[in-house]
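Here's the structure we're looking at; comments come further down.
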Amino acid sequence: LVHATCFADASSSSDAALAYVKLIQHLAVFKGYKEAFFALKIAEEKFLSVSKSQILLLKLLLLHEHALHRGQLKLAQKLCDELGVLASRVTRVDMELKTEASLRHARTLLAANQFREAAAVAHSLFCMCYKYNLQVENASVLLLLAEIHKKSGNAHLGLPYALASLSFCLSFNLDLLKASATLTLAELWLSLGSSHATRALNLIHGVFPMILGHGGLELRSRAYIVEAKCYLCDSNFNVFENYEIVVDSLSQASEELQLLEFHELASEAFYLMAMVYDKLGQLEEREEAAASFQKHILALRNPQDEDDPLVSVF
Amino acid sequence: METDESSRVIPFQLQFDKPLASQIKIAEWNPEKDLLAMVTDDSKILLHRFNWQRLWTITPGRCITSLCWRPDGKAIAVGLDDGTLSLHDVENGKLLRSLKSHCAAIICLNWEEESQLITDDFGHTSKYEDRTSRFFPPAPRVPRMPGLVSGDNGFMDDSEDSFQELSNSSHQRFNILCSADKDGNICFSIFGIFPIGKVNIHNLTFPTFCDGSEMSNGVSNALIHKVALSKDLCRLIVTCSGDLVKVGDDLGEIQMVGNNEHGLHCLALNTAIFWNRKNELHQVAQQASNIEDLTEVVRTSLSVMCRQWSDAMNTFQEKFRSLSTLIINHGLDSSPQEEFLSLLGGARTSPPVHQFLVNTLGEVGVKRISKVLSGAGKELQRIVLDHLQPAVEVIGFRIGELRGLSRWRARYHGIGLDESLINNATEKAGMLLVQVERFMRVLSSVVQQYSNFFNWLLKCIKLLMSEPSDQLLPYNSELVIVFLKFLYEQDPVKQLLEVSETEYEVEIDLETMQRVRELVQFGGFADTEYLRRTLVKEFQLMELSFKEAFEMPFTTISRKILCEDILPLFPLPSLPKSSSSMWIPTSVSYYEDPSRASVPPYSCQNQFIDYISFQVPDECFSDIVNCICIVRGFMHDSDCLKKGYSSLEAVLLCVPVDYQCVDLSLYKDSQIVLLLNKATNTSESAGDGCMMILQVSDLPYVSMSRSACIDVWRLPELKDSVAYLNIGDEKSRTIRHSVIAPLAVSASRGVACVFAATKRALVYILEEDEDEVSDVE
């Protein structure tokens, strides 16, 4: 992408815009929203006349993702509706856009803890993807179904979906998605009881290089947190001797989640850190982690809709 | 008497007794196959089958100082006297790789493989997959210089196949090649190709407690004799000669421990980092060694392209330089470009141009030069597409994998995989990828403009010769102007390819520079000056960043290899530094400790007992003559001493009075093979040899004290408990030759090869006996 863009004079304006859109998406996934929105502003000025729809679509996607992470569910739903309008306008033509809109709809419902509705949307989406042979989307939707069941507390129902998604990933060489599915599988095993901690930890360590090397901030943070959970649940693990491993994982997770403003996962990371420091008897560090935990919980419960300048467009 | 004689059998079945062209100075059996590698006096390496069929011979051209096999038997490591370590293929002897970790002659080599699949610290097994082969075709090879006769390079001619073989290290189990040189450096490399550690024996110190205070001690004037890694890769035993010294609190203060302290010592080095971080080191070594292979592909590609393009441009410039001469000879003051521009503008042809086009160059000349340049352009494009670009892409992919590993700080920070250094290397690889893309565009443009220029020249010549020009290729007048302005006296392709001392800067237009700076906001490279660098310069920077990134694991691991213990064995007469040391038969081996079989495998316990056997020179002690010593339990000792007892044991074996020990070798199931020569004072059987096997685990060992003071030689303690060997009591066989070192024994195959002073090789099967009536001797 970078080297293609370096020779933008040789390509058409719409191709250049597409390259820039891809770059901004990568920026959001790997470096956080602050830099992504800044880059988006530059791109909007750069491509004023042509390719407006691409930039607009990108803006919607970024805002939706950001709202989900910050816990702004009403805003997320609103953006999702806008996305649905865009998708319905291109009936039968752009399956990617329809799939993306439906996927985000299900994820919004999941974030709002409306598990049954989320599962219904995901199932309907899976039928459509299966019908049109959208293999990558098939694996993604199966993984989403596994996450819905995991979050609703039905781990034993989520396992078959995670394994099915894993099977798709293996067939089509989708390594990063496979790592994500393996991570979800590990979480499902862990929620079935601490006796499965070793199995879950093995799964995570098997995909750790993939996630750390090529995964985004969210995926990496989730991997770090689940690894820490596995260590803490493992009866063979001695917290006093090896606490640096757990604290290091959680510290990396919290750093990256701040870039994403992902309050839910960040609060979880700080909660675990506080627990570890409490066991070790390091009260000062414990209070520090507890304060960060509380900060993120408050941010999650009181979304600040007013001071977001980009939202005022709608 | 006669009945006893007829029922006796002779041990060690003799298979072959063959003459040799040269005397042999090193011989090693392949650990997996019935193959014997030998180094001759004139530094050739021969590979023979068990049936003495010769497979190949190679001549490295330098003095060979050491040799050992890779544990899987598929490659052989050769140490040379200039410090080069070369790996050769077992099938045909061709050179696979050369390493230059040493600056002095490599005295000894030892290659050890992990003995069993061991889980990591927490009992988890990390299954690592090299994903590269799923996304990329097989790695590109070094481009061959076209037109080169295949015989010119000798073994290097087939070297392009070696990358494919060496890159298959994912099929190898984790192994460490340990090499030691004359200057006391000990180097470790994973798979024999990825340097991972280095220590110098003169810098090693080990603490001892003497008179209630702690002292640091070291060895000076050290000369390494042998190195041996344990099968669990946790310990390294080094036998060396040197002086024991005290390292005082002041840095430079060195004090001799006592009088006449030059002797043979055993050092135990802790190399447990190789076991503890086996999985991590395996993965890093695999990626890094592949990256180094591909870096070599890139370097060679750039070099070959530069040479080919220079040749083509010389052809062009050589021909067109004469136009300048013609212009001067005609008394004109213009440049060739101006003359060509006039010609293009329709002015009357000036006399020097006319003469140049019609007589000097001619139609044939234009076509020839055009073909040369066009061919060079195509060849460069082929090299980029088939070699350079795939190599850079795979390098970028592999460094991305290493970046993922480097972010796993709990596992990889401890072995020195630094995330910021790997990130820097990743960025440099990305920049090089952009540079390759730009080079292709520049090359395409340049080749096109040259072609256009020559088409125009051809038409001009046709016109001047008053010949029909309808069938000529079309040309673009504007391109000719651009060519004359920018390319006639400048060579952008050469500038990108040439290694120059002066810092040449590529000109970048303002629009491109603005776009590059803007891309930083979109996740582009923070270094916005990279497009000003040449392709070769960018490659050098990438190479440097990779070297820095891989230097960190090397430094980190080196720092963790420490000396644990020392065992002074016997004094040696002090020799002048420049002369070569006396050769002492020595063998070090590790056998499984049956009493510890139930120890959990993931615990780093010493599961192997070390056996150190050597000949005691007669000059060392007045009361110990013609003896062999076997020491065991040296490595355990440092652990046992903390529990209050010593595991160190030793035994002295007195060689029969008529014989002298020539060489010895430890063998399977705790046995030792001795090679003896009969003393020549007996006239009727002068020059006979003897080979003997005995069980070392059943000998009457004496527990050795571990005095806190290390200025005491250990062996005199044993002189009262010498065990005497008799030829008739042990499994032995007379050899009707005077025998010499080396003795080559293969524990895995049960064979031995003995060399006679009369340039003969005798191959014995140690596990089988031979009927006396069929004795061919």
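Computed from the coordinates by the stated procedures, all read-outs in this text should not be read as laboratory data. For clarity, every value in this text was computed on a predicted model and none was experimentally measured. Cβ atoms come from the backbone with ideal geometry, glycine included; neighbour counts cover every protein chain shown.
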The stretch B:282-490, relative contact order in percent, only Cα pairs under 8 angstrom and at least six apart counted
26 percent
Please give the peptides B:418-427, B:230-239 ranked by average Cβ packing (other Cβ atoms within 10 Å per residue), highest first, as a rough proxy for protection.
B:230-239, B:418-427
Under the Karplus curve 6.51 cos²θ - 1.76 cosθ + 1.60, θ = phi - 60°, whole-Hz ³J(HN,Hα) for the stretch B:27-38, x wherever Gly or Pro sits:
8, 9, 7, 5, x, 10, 10, 7, 10, 10, 9, 10
Distance from the Cα centre of the stretch B:318-364 to that of the stretch A:243-265, in angstrom?
73 Å
Can you tell me the FRET efficiency between residue B:52 and residue B:727 if r is taken as the Cβ-Cβ distance and R0 is 25 Å, rounded to the nearest 0.05?
0.30
Stretch residue A:130-residue A:157 to full length: gain in nm at 0.36 nm per residue minus the Cα-Cα span?
7.7 nm
Flagged as over-length at 26 Å C-alpha distance, from B:182/B:731; B:319/B:459; B:25/B:668; B:371/B:494; B:74/B:668, the pairs are B:182/B:731
Multiply the residue gap between residue B:136 and residue B:72 by 0.36 nm, knock off their C-alpha separation, and tell me the result in nm, one decimal place.
20.3 nm
To the nearest 0.05, the calculated FRET efficiency linking residue B:759 and residue B:547 through their beta-carbon distance, R0 being 41 Å, is 0.30
Shielding of A:171-180 by other chains, given as the mean Cβ count within 10 Å, works out to 1
Within the stretch B:24-107, which chymotrypsin sites (Phe, Trp or Tyr not before Pro) sit in a loop by DSSP and count at most 14 neighbouring Cβ atoms inside 10 Å?
B:52
